[in-house]
Structure formats: structure tokens, C-alpha cells
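One structure below.
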Amino acid sequence: MTKELSEALLQEIDEESAVNSVESIFASYQGNDVEKKSALDQACRDVVKGFLFSHTEQKKDIDNISVQNGSNNTKDLLKTFIKLVIQLSKLKHCTNNLTIMLLSDTFEALTLNEAEEMFSFVEENVSTWVSEPFFSTGKNHLLRMCNDILRRLSKSQNTIFCGRIQLFLAQLFPIEEKSALNLNSNFHTENVTIFQRNQPHNPKETKGDGMEEGEVAINPVDYNLYVKFWSLQEFFREPPKCYTNIGWGKLKNGVLEVLKVFESQKLEFNEKRRKSQEENVPETLSNVAEKVQNYFAKYLTNEKLLNLQINDSNFRRYFLVQVLIVFQYLNGTVKFKGANQTLSDSQSKWIKEATEKVYLILSETPPNGSQFAKTVKHILTREENWINWKNEGCSSFARNANEQPKEQPKKAKRRGIGEEYLLNKKKRINMGNAELSRLWNLHPDNLEACKQENRLKFLPTLENFFEEAIEQGDPAAGIEEEYKVINNPNFQWKSLRLLARRSHHFFTPSTTPFKVLPDYLKSVIDNISDDIKRANDTVKVEAKLEIKEEPEDTYVTTSQISETA
């Protein structure tokens, strides 16, 4: 049965004819659906094997298909055949994950260049992979297939292909898929930047790299700048190191040094000259590829190249964007940060100032510096939303189709105060605020309430009101200036109101008409304290005088009584 199915699939290139042939073969054999599906699965894998290896027994049949299809390209034949398998899967003639298993076998047998070309077929059919019955049974196989391809690729040489695979996985899986999220905020610490840490014996004279013996390098870069520049990659690779005192010092000094160099060496860009050069160059395939592929995953770290790299606008932009990303992490809120991974106020202030300086340098870096700086700022602002989303547990954005929207409670019709008063049986006026309504309804007649005697005796005495302030003004109390009550705006306002009603010191003329309010209150409170002390001393003196003026009592002894008798 498997052999007949293989021959039928090879002979019928049209989808409809192939499906009819498979159904007729199924009808001619007895057995359950599981056995028939297994036979068809094996037949499909044999056909794919024949496409991949031309030395098989199926070579003649494959050549016939090539003639019928009008193509000698093996990849085109594979794409056509896999489309047929997709149709068979939808009709439930084979297992649901067969299509993805065939793709996995195909990529394992292809070279990297062939796999990159074949992967376009996977990208074009992403709508098929996210639909049923393929997604539920084949998503893990697709993930494993993509990871196997990524392991074969070089991130520095096959950067675009790696990015295509990552974008495909982002389209395939929902955004809240936990396997695709860096929930613990781990960093790629294996990305180590290797550079020359030991200073050469004579940095001005170097050998090799196209320079003759004794030749002096043009515009050599300071070795300290070279070390500081490439040492910053250590903090970009692992930002938590910046929270230590040593790490923060190195980051700050390195960034300031590099930004100082960027500010002193302005880049010039002649747009008209560049356009004229591009018009004179013929539009060949290699020139177009040069324009498009303007990205390098890893730069060379030779000391002699740094001067050229600093004067490259793209190199500057890559570095400055790295700085902005690290600043956003250091100053942001991340769920998995340690308790000691926080910045002080001075550090946060420095990051804010340095960020503004970086954006300024980006806007001054041609070409289209202002537009590039605005775009980067917009992207990083949107990134804050994703950081907050991850801190909150990566909740799903999908909504259930059967979920009924919650009905919003109907708002009561708004009525005026007069209408509200007329409809209210208790004649209680609603002012729109609970506290205002309480105050307004304390008395039926507000004017009469203002004339009541208990309202005229609410002012406290100067001694009672300023008692706490006088105690805090005593140096022996040891109260710090910022914690004194005279610095409280509420207390200051009440003090001025009370002094205007009960103290003559409020109207005392002064040679300094303008004083800071706490200083003014301090001088007035000192005067009131002196008045209170003088009043207390006067009371004590008067009490002593009253005691002295009282007549002495006459006491009669028993001896005097006997003498009188």
C-alpha cells in the first residue's frame, strides 16, 4: 500500500488528481484509518527523500514530475509537494503534524544557502501554520525545527537569516507565549568583546596590517580612550554590574570620555555630493547589496581602527543607542531586579543629563540626525510599555469571542441644586461633595449661624497656639530646622490669621520690610515668648508681695496662760 501511494503521489502532480488517487487506494484496502494514515505518512516521507537524494530508485519518476511541472529546481518540487500534503492533512487523510515533519527533514538535508531560500516557503504559509489542525499539534515541531536551523547558523555571518527565523516565530506564537519571553530578565553574558588590554611597547610604531617597518600610524587614538571605549561593552553585556561602586565609576568615566570625543569631532556630511556619486555608479547587483547590507553584528576591535570607527556615523549611532538602552534599564523598574540594584538621586540626575546629551549628539550625527533621534526616542518610549507589561505577568491580549461586554451602569440624570432642593423632602441641599453638603446643612440659616456666640469664641490664645513653636525654638530641645512647625505652610497661614486678631506684634514696623515667612514668624514668636515670660515673672512677684503684707499670727503659750491666771 505504501509503494502504491508513493507512485500515485509521484505520477499525479495536480492536487485534485493526487487526492483522488489516494482516496481510491484507501478504498481498495481494508483497515482502520490509523493504519491508512501511517501508510500515507511513510509514502510522503519516501517521496521527500527521493526529492532530496537523486541517487534513489525514484529518480525517473522525479524527472517525469520535473518535466510536467516545468521546473528542474528541487526546492520548487518540494514546495509543490508540501502544498499537496497540506491539502491531504486538511482532508484528514494523514496525520496533522506530517507537513511540519517533512519540512524538518528537508531542512536537515539542505545546505545553509538552500535552507535560506526554502525558508521563504515557511514564511509565506504562516497563516496555514497558525490555523488548525496544524498549530496545536505542530507548534512544538516548528519551534524545534527553527532552533535546529539557528544552531547551524552564525550570528555574525548569517545575521539576516537568523532575524527572519526570529520574526517568523514571533508571528507564529502568541505574544504572551512564555517560551519566547525573557521572564527573568537574563542577559546574554556569553557575548564577550575581546580587545587589546595591554598597551604596546611603542604605540606610534606598529608592524603588520599593511604598514611597513618604521611607518607611523595616521591620527593614532589615545590608548586610554581605546581601553575605556571597549571596556564599556562589558557593562552593556551585563548592566547589573553598574550598580556596584566600581562599576558605576567605570561606566560614568567611560561614557563621559566617549561623549566628549564625539562632541569635539563633529561629522560632516555632504548630501549633494553623495547623491552625485551614487548617480555616477552603475546600478549593479553588488552595489545594491552594499547599500542594503549596512549592518555589522560585531565590529573589529583593533586599536588602529578606532579612529576610523569613531568618524563613522553608523558606528556612533550603534554605540549611542547602546548607551540609551542601558540607561533605560538602570533607571527603570524591572520586576526581577535585586533589592540593592537601585540608583541614588545623584546617579539618576546624572543619567537624565547624560541621556539629553546623547540625544543631542544623535541629532547632530548625519545623515538625518534629528529624524533618527526622534525615532529612537519613540521606540524606547514604547519599550517602557512592554517592560510594564512584563512586570505585570505578561497577560494575554486576546479576547474571547463568546465573552459578552460588560454593561456600563446607566448614569442618573443630573439635576440642578434648586430642583434637587424642591424634590428633597428633608430640604437637605446636595452640594455635590459630601463635606460641602455637611457644612452647608449644619444650620438652616447660614447668616444666623455666623452670629452665634459659640462661633465668636473659637480663637485660641497666643500662649496655647504657639506653645509647641516656642518649645521647638529652644536650642536645648535639639529640633532640626526642617522639622520645626514654623516651616509648615498650614501653620504659617493660621499664625498670620491669629496674630492679626490678637497680637500687636503683627503691626510692629520693621527696618526690613521683606522677610522670609519662617524667619518673620520666628522673630514674632520670640517676642511673644518674652512677653509670656515677663507676664509670668510679674505674677510671681505680685504673689510674693501679697504674702509679705499679711499680718503675723499671735500664738499664746501655756506658761503665759498660767501667769495670767
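Determine, for the range 462-549, the count of lysine pairs separated by eight or more sequence positions (or lying on different chains) whose alpha-carbon distance falls under 28 Å.
Eligible lysine pairs with Cα atoms under 28 Å apart amount to 13.
Which FRET efficiency value, to the nearest 0.05, is calculated for Asn186 and Asn245 with the Förster distance at 25 angstrom and r the Cβ-Cβ distance?
Efficiency, from the Cβ-Cβ distance: 0.55.
Students often get this wrong, so check it: of Lys228/Lys337; Lys3/Lys37; Lys139/Lys178, which have C-alpha atoms separated by over 20 Å?
Details: Lys228/Lys337 27 Å; Lys3/Lys37 14 Å; Lys139/Lys178 14 Å.
Violating the 20 Å limit, Cα to Cα: Lys228/Lys337.
Modelled label-to-label distance, Gln171 and Ser154, 7 Å Cα→beta-carbon offset: nm?
Taking the two extended label points, one gets 2.8 nm.
Sort the range 309-387 into rounded, prolate or oblate with this rule: let a ≥ b ≥ c be the square roots of the eigenvalues of the Cα gyration tensor; rounded if a/c is under 1.5, and if a/c is not under 1.5, prolate when a/b is larger than b/c, oblate otherwise.
Verdict is prolate for the range 309-387.
Can you tell me how much longer the chain between Asn140 and Arg502 gets when fully stretched, taken as 0.36 nm per residue apart minus their C-alpha distance, in nm with one decimal?
Full extension of this stretch gives 121.9 nm more.
What ranking, highest mean first, results for peptides 299-309, 232-242 when packing means the other Cβ atoms within 10 Å averaged over each residue?
232-242, 299-309
How high is the FRET efficiency from Phe195 to Ile479, r the C-beta distance, R0 56 Å, rounded to 0.05?
For R0 = 56 Å, the calculated efficiency reads 0.45.
Does the range 2-180 come out rounded, prolate or oblate, given a ≥ b ≥ c as the square roots of the eigenvalues of its C-alpha gyration tensor, rounded meaning a/c under 1.5 and, failing that, prolate meaning a/b above b/c?
Here the range 2-180 falls in the oblate category.
Over all distinct Cα pairs, what is the inverse of the mean 1/r for the range 462-549, reported as the Kirkwood hydrodynamic radius in Å?
Computed over the range 462-549, the radius equals 14.6 Å.
Is any residue of the range 342-379 close enough, with backbone N under 16 Å, to a label point placed 7 angstrom from the Cα of Glu263 along the Cα-Cβ axis, and if so, which?
Once the point is set 7 Å along Cα→Cβ of Glu263, 350-365 turn out to lie under 16 Å by backbone N, inside the range 342-379.
For a quick check: sort Ile25, Ile194 by the number of other beta carbons within 10 angstrom, fewest at the front.
By the 10 Å Cβ count, ascending, the order reads Ile194, Ile25.
Readers should treat all values here as calculations from the given coordinates under stated rules, not as data from a laboratory. The structure displayed is predicted, hence computed values, not measured ones. Counting neighbours? That spans all protein chains shown, and the Cβs are built from the backbone with ideal geometry, glycine included.
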